[in-house]
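The values are calculated or read from the model by the stated rules, or taken from the named source; none is laboratory data. All values derive from a computational prediction rather than experimental measurement. Counting neighbours? That spans all protein chains shown, and the Cβs are built from the backbone with ideal geometry, glycine included.
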């Protein structure tokens, strides 16, 4: 066999393989191909115990599609339902550093049926997922929370945008818990985060207002209103800000914040007794806080100290979602 014939044979084989690959890729975007994908999805369960199922996919899996009758299941069965979820994504971004790029992810209604039950998380797991993702438009018109979660019914509207990758995080969130007959709410959350160390950029503004018998109160059962704001100015290399929190007219926290190349500090005073009752209310005497945290590799290493008239507490360690939160929120972030 001559070299020319060998090259022709190899070229023909490569062309045939490419043609088969193209046919296979296109076949996935047909009715039978989509059903195959849904079957594969239903057979996959994450380490935490989450499983995803859907009834159908309308549109193109390589662009704008609508996922029908989505269910998210945990160890106890159906946890979250959504009749229709719109996803508009750009598969080409996967070949640009492995990013997941969505022009839009939206749903008219998402329902949380109860508190999650998931497998325990590894305390050494990163605080943030090892995933580069961009969502240009995030929208949930009605995130409905059933009474089994907090004892009350809630209805939250949420809009925003998210861009998370190694070395940067840009997040915009606006959330509003509606208040109506049979619906506990009135809470509002505004979050603006723009952290891009490569551009020496850090901007942060977060505001929370939570009334009595609202969404936050449903999770915390404090029976008191909360208001908090984090704001500041500067850059990634040198940023200074404040955390101010109150409960009604009573002060809750007044803390100075700093950031310098991934190291964050919080120093100031807090009055947790404002939120407590009985003997524990003696903690109303101010606590002096001194916290230093270092964010690296999507984990947080922290050193913290707290002092009052009667005691001094010191702690050092690595934070993870399972240790930072409690109750239903702990399970959600595992």
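Quick rundown of the values:
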item: Filter result (crowded, with 19+ Cβ neighbours inside 10 Å, more than 18 Å from residue 288 (Cα to Cα) and modelled with pLDDT under 95) within the range 237-256; result: 247
item: Residue ID - farthest from residue 105 (Cα to Cα), chosen from residues in the range 49-75 that are touching a strand residue (DSSP E or B) at 6+ places or on another chain (Cβ under 8 Å) and in a loop (DSSP other than H, G, I, E, B); result: 49
item: Pick from the range 34-47, criterion within 17 Å of residue 62 (Cα to Cα) and in contact (Cβ under 8 Å) with a residue 24 or more places away in the chain, ranking: surrounded by the most Cβ atoms within 10 Å (Cβ to Cβ); result: 34
item: Of the criteria (1) over 30 Å from residue 236 (Cβ atoms); (2) in contact (Cβ under 8 Å) with a residue 40 or more places away in the chain; (3) part of a loop (DSSP other than H, G, I, E, B), which one residue 114 fails; result: (2)
item: Yes/no for residue 216 being surrounded by 15 or more Cβ atoms within 10 Å (Cβ to Cβ) and within 23 Å of residue 102 (Cα to Cα); result: no
item: Of residues in the range 152-180 being part of a loop (DSSP other than H, G, I, E, B) and at pLDDT below 95, the one farthest from residue 116 (Cα to Cα); result: 167
